[in-house]
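Trainee: This is the structure, below, for whatever I ask next.
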Amino acid sequence: MLMRLDPDRLADAALRLLAALTTLAFASFTLILFAGTWMARAETVCTGDDLLAIMERDDPAAYARLLDASAATVNGEAMLWQIEAPGGAVSHLYGTMHVTDPRIFELDAKASAAFDVSETLVIETTDILDPAAIMATMAEHPELMMFTDATTLSSLLEEADRERIEAAMNERGLSLGAVDKMKPWMIAAMATLPTCELARKSAGAEILDVALATRAKAAGIEIEGLETTAEQLGAMAALPLDFHMRALVETIALGETIDDVIETMVVIHARGEPGLFWPFFQAALPGDASDGIAIAGFEQSVIVDRNRTMTERMQPLLDAGGAFVAIGALHLPGEDGVVALLQEAGYSATPLPSGD
């Protein structure tokens with residue numbers, strides 16, 4: 001059921017859950033590391049509900065407000081953008097979700113056409129194409145993903161929370177003991193992914209980024225990355241431990257609701273409206289006021305700083321033209337989003353909405 005929030009609590013609620021949802025950006029790492037341990041008997045068909053449809057049916061006024069908020073989001077009207085460099089070279093920017101859902105990795109006609117004329121595929125990190133590279137990063141920087149001292153996840157949890165997390169891990173074919181040395185945001189990544197998503201990956205399905213790379217290799221398109229595994233993991237690991245622990249506990253508390261959230265995110269992506277993500281989080285997800293300093297640190301480290309890094313690094317590729325840049329859709333919209341940063345840097349960005 002959708003829950004209403006006091007307006008003063010909206011931003012905190014959205015950011016608190018986004019601390020868990022952003023682990024979707026790193027879910028590929030957990031899938032690669034534990035693909036062989038997911039329960040093969042899990043259903044590959046997801047059962048989450050579209051919360052937008054429920055809101056439109058049960059509270060049309062709230063749904064209208066959500067659409068108004070989406071329309072007011074800077075650069076929130078399209079997943080696909082045509083980017084023209086100051087010198088005239090043309091490329092495309094596309095917002096992804098790092099999941100295997102066929103509604104995500106089957107590009108629409110416009111995005112597919114843009115991909116087909118590209119000369120370079122640019123993804124967040126090419127490390128996801130090489131599990132050995134991820135394992136090498138873990139070996140070189142174990143502190144990014146693991147407790148390297150005597151600390152364990154269980155030692156930081158109250159008993160009730162420990163039992164809930166243990167149950168969530170059991171549903172995914174893992175014992176708490178097997179993951180007890182992992183940092184809480186890694187556990188949140190596992191808990192965030194629905195079992196249907198894990199089952200599809202275990203059956204051999206590819207997340208969109210990898211599927212695009214497979215398609216690019218077959219077409220002779222070069223593949224470039226914007227970040228390293230260490231940089232991506234470092235963005236999460238840099239945040240305060242207590243913030244991660246709260247995010248983990250709150251994610252687990254959502255229970256099956258997280259399946260509804262992921263389903264709705266897939267629907268939003270299919271609608272081609274990245275500006276709808278934040279209003280949806282704010283309207284649908286419960287939460288109390290949190291530590292503003294920790295929230296600001298999360299937004300800065302995981303969203304804004306990475307937006308700026310990726311924008312800077314993609315510019316030489318955009319200047320050369322013919323690039324198809326595919327990064328997480330949450331990085332596109334907003335005043336600090338990649339589209340706005342490119343515009344500030346002198347690039348022309350033209351939205352190519354779905355269905356036009």
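Trainee: Applying the selection to segment 57-70, what residues are in contact with a Leu (Cβ under 9 Å, 6 or more places away or on another chain) and surrounded by fewer than 19 Cβ atoms within 10 Å (Cβ to Cβ)? Even if it seems obvious, please write down each step before you answer.
Mentor: At the first step, the residues of segment 57-70 found to be in contact with a Leu (Cβ under 9 Å, 6 or more places away or on another chain) are 58-59, 62-63, 66-67, 69-70.
Matches in segment 57-70: Asp58, Asp59, Ala62, Tyr63, Leu67, Ala69.
Trainee: Right, here's the next one. Please tell me if Thr125 is in contact (Cβ under 8 Å) with a residue 60 or more places away in the chain, under 19 Å from Ile262 (Cβ atoms) and of a type outside the set (Gly, Ala, Ser).
Mentor: Spelling it out, it is not the case that Thr125 is in contact (Cβ under 8 Å) with a residue 60 or more places away in the chain, under 19 Å from Ile262 (Cβ atoms) and of a type outside the set (Gly, Ala, Ser).
Trainee: Can I ask one more? Within segment 211-252, how many residues are under 27 Å from Thr148 (Cα atoms) and not β-branched (Val, Ile, Thr)?
Mentor: 21
Trainee: Report the residue count in segment 234-267 for those that are in contact with a Phe, Trp or Tyr (Cβ under 6 Å, 6 or more places away or on another chain) and surrounded by fewer than 23 Cβ atoms within 10 Å (Cβ to Cβ).
Mentor: Matching residues across segment 234-267 total 1.
Trainee: Does segment 314-323 contain at least one residue that is farther than 30 Å from Lys217 by Cα, at pLDDT 90 or above and more than 20 Å from the chain's Cα centre (by Cα)?
Mentor: No, because not a single residue in segment 314-323 is farther than 30 Å from Lys217 by Cα, at pLDDT 90 or above and more than 20 Å from the chain's Cα centre (by Cα).
Trainee: Sticking with this one: Quickly run through segment 119-138 and pick out the residues that are surrounded by fewer than 22 Cβ atoms within 10 Å (Cβ to Cβ) and at pLDDT 95 or above.
Mentor: Result: Glu119, Thr120.
Trainee: Another question about this same structure. Among the residues of segment 268-284, are any of a type in the set (A, V, I, L, M), modelled with pLDDT under 85 and more than 14 Å from the chain's Cα centre (by Cα)?
Mentor: First, the residues of segment 268-284 that are of a type in the set (A, V, I, L, M): 268, 270, 276, 283-284.
Then drop every residue that is not modelled with pLDDT under 85, which leaves 283-284.
Okay, now just the ones that are also more than 14 Å from the chain's Cα centre (by Cα), so 283-284.
For segment 268-284, residues of a type in the set (A, V, I, L, M), modelled with pLDDT under 85 and more than 14 Å from the chain's Cα centre (by Cα): present.
Trainee: Which of the following residues is surrounded by fewer than 24 Cβ atoms within 10 Å (Cβ to Cβ), part of a helix (DSSP H, G or I) and free of Cβ contacts under 8 Å to residues at least 12 places away in the same chain: Ala218, Ala211?
Mentor: It is Ala218.
Trainee: Looking at Asp209, Asp127, Asp149, can you tell me which residue is over 18 Å from the mean Cα position of the chain (by Cα) and of a type in the set (D, E, K, R)?
Mentor: Step by step, each of Asp209, Asp127, Asp149 is checked, and only Asp149 is over 18 Å from the mean Cα position of the chain (by Cα) and of a type in the set (D, E, K, R).
Trainee: Check Asp101 against each of (1) more than 22 Å from the chain's Cα centre (by Cα); (2) touching a residue at least 40 places away in the same chain (Cβ under 8 Å) and name the one condition it does not meet.
Mentor: Asp101 satisfies every listed condition except (1).
Trainee: Can you tell me which residues in segment 169-185 are aliphatic (A, V, I, L, M) and out of contact with any Leu (no Cβ under 9 Å at 6 or more places or on another chain)?
Mentor: If the condition is that a residue be aliphatic (A, V, I, L, M) and out of contact with any Leu (no Cβ under 9 Å at 6 or more places or on another chain), then Leu174, Ala178 are the ones that fit.
Trainee: Of (1) over 23 Å from the mean Cα position of the chain (by Cα); (2) over 19 Å from Met265 (Cα atoms); (3) not basic (Lys, Arg), Phe115 satisfies all except one. Which?
Mentor: (1)
Trainee: If I ask for residues that are out of contact with any helix residue (DSSP H, G or I) (no Cβ under 9 Å at 6 or more places or on another chain) and farther than 13 Å from Ile252 by Cβ, which ones from segment 153-191 would you list?
Mentor: Ser155, Glu159, Lys181
Trainee: Looking only at residues in segment 161-205 that are surrounded by fewer than 18 Cβ atoms within 10 Å (Cβ to Cβ) and aliphatic (A, V, I, L, M), which one is modelled with the lowest pLDDT?
Mentor: Ala203
Trainee: If you don't mind, another one. Of all residues being under 19 Å from the mean Cα position of the chain (by Cα) and under 14 Å from Ser354 (Cβ atoms) in segment 82-95, which is surrounded by the fewest Cβ atoms within 10 Å (Cβ to Cβ)? Just the residue, please.
Mentor: Among those that are under 19 Å from the mean Cα position of the chain (by Cα) and under 14 Å from Ser354 (Cβ atoms), it is Tyr94.
Trainee: For Leu174, which of the numbered conditions (1) under 30 Å from Val338 (Cβ atoms); (2) among the hydrophobic types (A, V, I, L, M, F, W, C); (3) not in a helix (DSSP H, G or I) fails to hold?
Mentor: Here Leu174 clears every test but (1).
Trainee: Enumerate the pairs (first residue in segment 331-356 and within 18 Å of Ala71 (Cβ to Cβ); second residue anywhere and outside any loop (DSSP other than H, G, I, E, B) and of a type in the set (Gly, Ala, Ser)) with beta-carbon separation below 6 Å, excluding pairs fewer than 6 apart on the same chain, so at least 6 apart or on different chains.
Mentor: Between residues of segment 331-356 that are within 18 Å of Ala71 (Cβ to Cβ) and residues that are outside any loop (DSSP other than H, G, I, E, B) and of a type in the set (Gly, Ala, Ser), the close pairs are Leu332/Gly95; Pro333/Gly275; Val339/Ala349.
The values are calculated or read from the model by the stated rules, or taken from the named source; none is laboratory data. Note that the coordinates shown come from a computational prediction; the quantities given were computed from them, not determined experimentally. Virtual Cβ from ideal backbone geometry, glycine too; neighbours counted across all protein chains shown.
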